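Input: a single structure, listed below in structure tokens.
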Amino acid sequence: MSVYKRPGSKTYSYDFQLNGHRFSGDTGATSKRKALEHQEVVRSEAKASAKSRPFAGRDIGFGEAAARYMVEVGQHHKNALTTLASMEWLEAAIGKATPISAVTDDLVARLVAKRRAEHRRVGNKNTPKKLVGPATVNRTMTEPLRKVMTRAARVWKVPVVPILWNEHFLTEPKERIREASIGEEAAVLGQLSAGYDVAMRFAFLNGCRRMEVVGLEWPRVDFFGRQFTVIGKGRKSRVIPMSDETFQLLWEERGRHETAVFTYVARRTDSRKKLVRGKRYPITEAGLREASRRAIRKAGVENLRFHDTRHTAATRVLRKSNMKVVQNLLGHERITTTEKYAHALAEDVRAALNAASPTKNPTKGAADPRKAAKRKG
């Protein structure tokens, strides 16, 4: 069948059958044309895999291996489009016809260097480009390649050259945890225009990602149950209880837009963007990103990003609860991911130890007042 939108989804899904096998998933595209293009890519790879001869005991081209990996594994990933992009990059860098047996330590090292030398754009077109970081190289190139090679050897029984994978993974810097102070939060919020300040305040209160904030819609806000549902990475949903402050914040936004919770007021009429001055429109992820960057710069706050609202909320909640509560708030699958916020507990222990330290003039050898009273009597 053609591509279609699931109820409540902004992106198109695909669903088709080939040789008695069903293929379905999210295209990640908001336009029908892009969705159809994605579906054709998946269909072509499925056909290529179906036509291929049994792999066992024979060498194969990397393009053939990548296509089969997408059909058997990649299309079922939560972020299938990211996996597809990695396969396309590897095919172009290695060559579709290059035998999989030609993938050696030397080639992998050159692929790491090639990916590491590429640039990524941050912000708008006027923002300087930055080199791809170690984590991106590991997740978009080295790890996908290892998975293809491992499946080829273990499942398809294709002869491959042993690779020293640990030698090719780059060391990733530890994620910094930047907590905004109350003063910094107030300063940044004071620089945001109407609508954007509410969205960022909501992020400070609940630790939601930018995509979760702009994607929040009224059907997922339950005032009666005092909770709301956000859609996060991999389109996974999680329910977050409303604090009194969040309840009041959301209650005051009612009636501004029929579906979007967070909106802004257009400052001018723009026929190209179909904006009318004075009317409200849903805040976009790009719009919130740029607005927060400008506000942080104008407020004079150093070393702060929008994502730090998530760190701030998590650290504040941890000081009043425990690691499991923070894990549920942030939607982490593993508690080890949440443990990076343990510094908050360490600070509390340090403060308690300082408070419990001996005084400068300890009462060493002081007489017991009760004994002194007896002697006087």
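All of the numbers you see were taken from the coordinates with simple rules; none came from a lab. Here the structure is a predicted model, which is why all the values come from computation and not from measurement. Note that each Cβ is placed from the backbone with ideal geometry, even for glycine, and that neighbours are counted across all protein chains shown.
Using Cβ counts within 10 Å as a stand-in for footprinting exposure, how do VAL155, VAL3 rank, fewest first?
On the way: VAL155 14, VAL3 20.
With the fewest neighbours first, VAL155, VAL3 line up as VAL155, VAL3.
So what's the projected area for the chain, the Cα convex hull averaged over all directions, in nm²? Please report the intermediate quantities before stating the final value.
Numbers: hull surface 123.1 nm².
Averaged projected area of the chain's Cα convex hull equals 30.8 nm².
Among HIS332, HIS168, HIS76, which comes first, then next, by fewest other beta-carbon atoms within 10 Å? The partial results should precede the final answer.
On the way: HIS332 16, HIS168 19, HIS76 13.
Starting with the residue having the fewest Cβ neighbours, the order is HIS76, HIS332, HIS168.
Order of GLU258, GLU285 from fewest to most other C-beta atoms within 10 Å?
Values: GLU258 7, GLU285 15.
Taking fewest neighbouring Cβ atoms as first place, the list is GLU258, GLU285.
Would you work out which of HIS119, PHE306, HIS77 lies farthest towards the positive end of the dipole of the chain, given +1 charges on the beta-carbon of Lys and Arg and -1 on that of Asp and Glu, about the Cα centre?
PHE306
Let's test this: bin the Cα-Cα distances of segment 182-355 at 10 Å from zero up to the farthest pair and state each bin's percent.
9, 35, 35, 16, 4, 1, 0
Quick one: among LEU353, LEU107, LEU330, which has the greatest mean-square fluctuation in a GNM of the chain with alpha-carbon springs under 10 angstrom?
Comparing LEU353, LEU107, LEU330 in a Gaussian network model of the chain, the most mobile one is LEU353.
I'd like the orientation of helix 196-206 relative to the chain: the angle between its Cα long axis and the longest Cα principal axis, in ° from 0 to 90, rounded to 10.
That helix lies at roughly 80 degrees to the long axis.
Restricting things to alpha carbons, find the Rg to Rh ratio for segment 146-206 using the Kirkwood radius for Rh. It would help to have the intermediate numbers written out before the result.
On the way: Rg = 23.8 Å, Rh = 16.5 Å.
On the Cα set of segment 146-206, Rg over Rh gives 1.45.
What angle do you read, to the nearest 10 degrees and between 0 and 90, between the alpha-carbon axis of helix 62-72 and the longest principal axis of the chain?
With rounding to tens, the tilt is 60 degrees.
Go through segment 103-112 residue by residue and turn each phi into a ³J(HN,Hα) via Karplus (6.51, -1.76, 1.60, θ = phi - 60°); whole Hz please, and just put x for glycine and proline.
With coefficients 6.51, -1.76 and 1.60, one gets 7, 10, 4, 4, 5, 4, 4, 5, 5, 4 Hz.
Just the number, please: Stokes-Einstein D of segment 183-258 in µm²/s, Kirkwood Rh from C-alpha pairs, 37 °C, 0.692 mPa s.
On the way: Rh = 13.0 Å.
In µm²/s, the coefficient rounds to 252.
Quick one: among HIS311, HIS77, HIS119, which has the greatest mean-square fluctuation in a GNM of the chain with alpha-carbon springs under 10 angstrom?
The residue with the greatest mean-square fluctuation here is HIS119.
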